[in-house]
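> Before I ask anything, let me first share the structure, which is written out below as structure tokens.
Please treat every number below as a calculation from the coordinates, not as lab data. The shown structure was predicted, so the numbers you read here are calculated from the model rather than taken from an experiment. Note that each Cβ is placed from the backbone with ideal geometry, even for glycine, and that neighbours are counted across all protein chains shown.
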Amino acid sequence: MSNTESLGAVQAVIKSYIDACARGDMLALRALFHHSAILSGYLAGELVTGSPEPFFTAVGANPAPVDSGLRYEARIDTVHIDGRIATAVLRETGYLGMDFVNHFQLLEIDGQWHIVAKLFESL
């Protein structure tokens, strides 16, 4: 896969993440994460670390931003690719009534990019 193709593929994964968050689509989010992915960050002052399961549960338990009337916006700040490894920074405003900075690590496996780590900070 060329660097240009990889960049497009990684951006597509992050855009799918944004869309799934906006729709509250827990199943779509699960499909983007590698089965061994890790999640770590501070949410409302508490450290959340380990499996992304608590994140998936929170997405499924709360109204989707598109249904709740909350103004949800997201933008990709940076994407860096080095072979089969990529990093991306995503800023979200208004997700579940909060703002987030997300740092993703992605890995290309058999031509598909998967989120293998998400480090986040609620602002």
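> When mean projected area of the Cα convex hull in nm² is calculated directly from the model, which label among (i) 9.7; (ii) 6.9; (iii) 7.9 fits?
Label (ii) holds the value from this structure.
> Can I ask one more? Can you work out the Karplus-derived ³J(HN,Hα) for every residue in region 24-33? Use 6.51 cos²θ - 1.76 cosθ + 1.60 with θ = phi - 60°, whole Hz, and x for glycine or proline.
x, 8, 4, 5, 5, 4, 4, 5, 7, 8
> Would you mind computing, in nm to one decimal, how far apart the modelled labels at residue 2 and residue 77 are, each placed 7 Å from Cα along Cα→Cβ?
Taking the two extended label points, one gets 3.0 nm.
> Next up: Would you mind classifying region 8-73 by shape? Square roots of the alpha carbon gyration tensor eigenvalues, ordered a ≥ b ≥ c; an a/c under 1.5 is rounded, otherwise it is prolate if a/b is larger than b/c and oblate if not. Provide the component values of the computation, followed by the final result.
Working: a/c = 1.65, a/b = 1.06, b/c = 1.55.
Oblate.
> Moving on. Summing -39500 (n - 2.57) over the DSSP H runs of n ≥ 4 in the chain and dividing by its residue number, what mean residue ellipticity at 222 nm do you reach, to the nearest 500 deg cm²/dmol?
The helix contribution divided over the chain gives -10000 deg cm²/dmol.
> Shifting gears a bit: When only DSSP loop residues count, what trypsin sites (Lys or Arg not before Pro) in region 60-123 have their Cβ near at most 14 other Cβ atoms within 10 Å?
Here the trypsin sites (Lys or Arg not before Pro) that fit, given the DSSP loop and packing criteria, are 71, 84.
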